[in-house]
Amino acid sequence: MPDTLIMTERSVRDQVAEYDAIVIGAGISGMYMLYRLRELGMTARVFEAGTNVGGTWYWNRYPGARFDSESWTYGYSFSKELMREWDWKEHFSPQPDTLEYLNYVADKFDLRRDIQFRSTVAAAHWDEAANRWSVTLESGELATAQFLFTAIGILSAYTLLPLLARRPAGDRRGCR
């Protein structure tokens with residue numbers, strides 16, 4: 001029985017999913033990027049380390065967490081219907097209200113169907129010959145895409161530096 005489990009894990013790991021674009025992070029920017037990529041008719045996959053959308057507003061749940069700018073500035077303006085439907089409860093929204101808004105947006109535009117949760121990107125490498133990014137998740141799962149967008153946010157514990165650390169100094173190939 002254990003051998004069967006190992007074979008199943010290997011077969012899943014050895015499969016490479018192909019997309020037009022990969023987005024890292026399902027916060028405000030990652031969700032918007034997914035929406036726009038779909039609008040352009042592209043296949044896309046978002047890899048999110050957490051168990052839900054929201055980015056900073058998912059992870060930071062400390063007492064008093066709230067916007068430091070007026071709430072409407074965080075709202076998406078790509079949909080007039082969304083702007084009419086959503087009414088911010090406060091001028092400087094607290095974290096729970098912001099997360100509620102982001103979940104509302106994810107549901108309204110069915111974004112979760114292209115978001116893979118509990119999926120941390122371990123490495124991203126540009127394959128010059130294939131003209132594609134190769135992305136490896138901590139689980140060993142592999143995916144490729146012509147375009148790679150990082151939407152990990154400036155407040156994230158993760159940065160691009162570990163992902164690109166193996167590049168020689170000054171190497172900018174694949175950085176678009």
Dipole of segment 2-164 (Lys/Arg Cβ +1, Asp/Glu Cβ -1, origin at the Cα centre): which of 52, 123, 101 lies farthest to the positive side? 101
What's the FRET efficiency of residue 17 with residue 131 using the Cβ-Cβ distance as r and R₀ = 22 Å, to the nearest 0.05? 0.80
Which loop GluC sites (Glu not before Pro) in segment 27-132, with loop taken from DSSP, have no more than 16 other Cβ atoms within 10 angstrom of their Cβ? 70, 90, 128
Which percent, to the nearest 5, of DSSP beta bridges fully inside segment 2-164 are antiparallel? 45 percent
Taking 0.36 nm per residue of separation and subtracting the Cα-Cα distance, what length does fully extending residue 91 through residue 73 add? 5.5 nm
Can you figure out the FRET efficiency of residue 142 with residue 83, using R₀ = 41 Å and their beta-carbon distance, to the nearest 0.05? 0.60
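None of the figures in this text is laboratory data; all of them are computed from the coordinates on show. All of these numbers come straight from a predicted model, not from anything done at the bench. Note that we place each Cβ from the backbone using ideal geometry, even for glycine, and neighbour counts take in every protein chain shown.
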